[in-house]
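The values are calculated or read from the model by the stated rules, or taken from the named source; none is laboratory data. Computed from a predicted model, the values in this text were never measured in an experiment. Please note: Cβ atoms are built from the backbone with ideal geometry, for glycine as well, and neighbour counts cover all protein chains shown. For accessibility, only protein heavy atoms count, side chains too; no ligands or nucleic acids. Shrake-Rupley method; radii C 1.70, N 1.55, O 1.52, S 1.80 Å.
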Amino acid sequence: MFDNIINGFAAIFAVGPILGIIAGVLVGIIFGAIPGISGIMAISIILPLTFYVDPIIGITMLLAVYKAGIYGGSISAILINTPGAAASFLTAQDGNALTKMGKAGKALDISLFSSVTGEALATIVLIFIAAPISAISLQAGPIEKVFLLLFAFTVIGSLAGESISRGLLSCCLGMMFAMVGLSSITGASRFTFDIPELMAGFTFIPMLIGVLVMPEVINVIRNRHQSQQEISLTKSANRDDNRISWKEYKGLFGTILKSSGIGTFVGALPGLGSSTAAFIAYGEAKRTSKTPEKFGKGSVEGIAAAESANNAVCGSSMIPMLTLSIPGDDVAALLMGAFLIHGLTPGPMIFFEHTETIYAIFAGFLLTDLFLLVIARSGFRFFTKVASLKRYFIFPCVTVFAFTGAFTTAQNMDDVLILIVFTIVGYAMRLIGLNPAVFIF
Amino acid sequence: MDRRKVDIVVMTMLIIASVIVLTNDNLSQGGAQTEMSSLFLPRLVAGFIICFSLFIGAGSLFKLLNKAALSSTESISLSGFWGVNIYVALFIGYWYLVPIVGFLLVTPFVMFAVACLLGGRRWVAITAMSIIVPILVFYGSNHFLRVFLPTWSLS
């Protein structure tokens, strides 16, 4: 295993993968910091761009977007009390309270250091745990695999959304749409209604962008009359309020370590996700804190617990995906699609069929933390400026990127039509409480 | 709008579609003959769709008949839908015009229109963005991704 890890690092230390990681981190932080744009949206828009590069570059770039996106969400949460994701809800409580006290810099620093520590620890666990689990799961026979598949669909169906029945219905609808076209086993054409364009089925990327990205744009258009909050970073005259000292970090390390452990464990269990991890870790930190009364009113411990736990989920949610083909959360489900597009089938065999690639991706995962730390630390002001861009500058660009992304797949205008159709389907699904992420899986 | 009514309509439609999948053999053509047929898996899924739709639809119907109070998730706000209709119409027009007029010519107008729809009034900045972004995307796709976006096809 150690040979594989070293080979992985050797593969990742090249110009292409490092540029990919830097680009991914930049895009992730920017998209994460803009209220109304989620990590899923960022990954969906970037995904078509990765088709034309090596899987190591493409996948590490997407993973960098994922990690940086989760961190980026905490910027808007801390500065304007608008969590980009549910997982940043607790960060918003304590972080915004600190911002109101003039300690925005400190809150952002704590959030960054906790996020990076949590992610790095979870990634190390992923690297050392995934291969042994996959070796065990390789012993599964056809019957076990069928039950595993049923378990996967049940877990995916209950991932999110209002109710399990709506989640499972979304899952079934997704399966039905996936069966349009030629059957891979019998060669029969199903649900094509003599339309030759349907013989190959619905193209994945336009469907993905239509169902996951475009409804966000539609939401913004529906709420276009609401005023947009300005994001700004004000510096305190007291230098200690703008940063976290080594002593403070050392004091918080116990909380970060415990919360990262909780996040790693929760992330490895399919279906729970980063919000659950953040809430459990926050509750535990509050229970064991010497100053529980400060929680919710600007507690640095609270930010450290929530951020380290929700970021630890990034790494550990890959464990069930890579070893059992069961994504830990909705973003992992999306990344699973990205792996498939790049010719890497998640599952136990991935460690034997694509050893070098998978360990290079792991190495890239770890390296992303380092780049995230450096880039985010040096560019707080820049990212807050970009995140303050007016929506009438952002969403026309998103529209064009979505159009280009759909067209890129097969250089075919039919795919843009699929994008339009699934934009409507995706938005309708949201209106009636069905889960688009589960549908896409 | 009461989402429970929408639930009943949508679930009824899903059940009807699933029954058609279960009963119509013409939905699959050609291919190798197997004991379970090519429609085995779609029919299995259709069965599940019927079950879940019945469960959701019956729940909504029951609540409607009992005149239960609407929860926050059970009402659909219809405000702002005009903008959505315009956006969808713009996108359809975009799809229709790009193969004829070309990406570089249509995109600036679409971007400008979307920006206006979102309340943008900084005309110079929006115009600059609407011109620069399509050029960057077009040449970036061409040179780095080898994706050739449609160009002017009228001659």
Worksheet item: From the list A:59, A:37, A:75, which one is open to solvent by less than 10 Å² (accessible area, probe 1.4 Å) and not in a helix (DSSP H, G or I)?
Response: A:37
Item to complete: Please verify whether the range A:414-428 includes one or more residues that are farther than 15 Å from residue A:209 by Cα and not aromatic (Phe, Trp, Tyr).
Response: no
Worksheet item: Can we say residue B:84 is at the interface with chain A (Cβ under 8 Å from one of its Cβ atoms), free of Cβ contacts under 8 Å to residues at least 12 places away in the same chain, within 23 Å of the chain's Cα centre (by Cα) and within 26 Å of residue A:425 (Cα to Cα)?
Response: yes
Worksheet item: Right, residue B:92: facing chain A (nearest Cβ under 8 Å), assigned to a helix (DSSP H, G or I), without any contact (Cβ under 8 Å) to a residue 40 or more places away in the chain and exposed (fewer than 14 other Cβ atoms within 10 Å of the Cβ) or not?
Response: yes
Item to complete: Scan the range A:163-184 residue by residue and report those that are in a loop (DSSP other than H, G, I, E, B) and in contact with a Leu (Cβ under 9 Å, 6 or more places away or on another chain).
Response: A:179, A:180, A:183
Worksheet item: For the range B:95-145, what are the residues that are in contact (Cβ under 8 Å) with a residue 40 or more places away in the chain and open to solvent by 30 Å² or more (accessible area, probe 1.4 Å)?
Response: B:99, B:100, B:101, B:104, B:105
Discussion item. Looking only at the range A:13-34, how many residues end up being part of a loop (DSSP other than H, G, I, E, B) and surrounded by 19 or more Cβ atoms within 10 Å (Cβ to Cβ)?
Written reply: 1
Worksheet item: Are any of the residues in the range A:137-150 out of contact with any Asp or Glu (no Cβ under 9 Å at 6 or more places or on another chain) and of a type in the set (Asp, Glu)?
Response: yes
Worksheet item: Within the range A:103-129, how many residues turn out to be closer than 19 Å to residue A:316 by Cβ and open to solvent by 50 Å² or more (accessible area, probe 1.4 Å)?
Response: 5
Worksheet entry | Residues that are under 20 Å from residue A:433 (Cα atoms) and among the charged types (D, E, K, R), drawn from the range B:1-39 | B:2, B:3, B:4, B:5, B:7
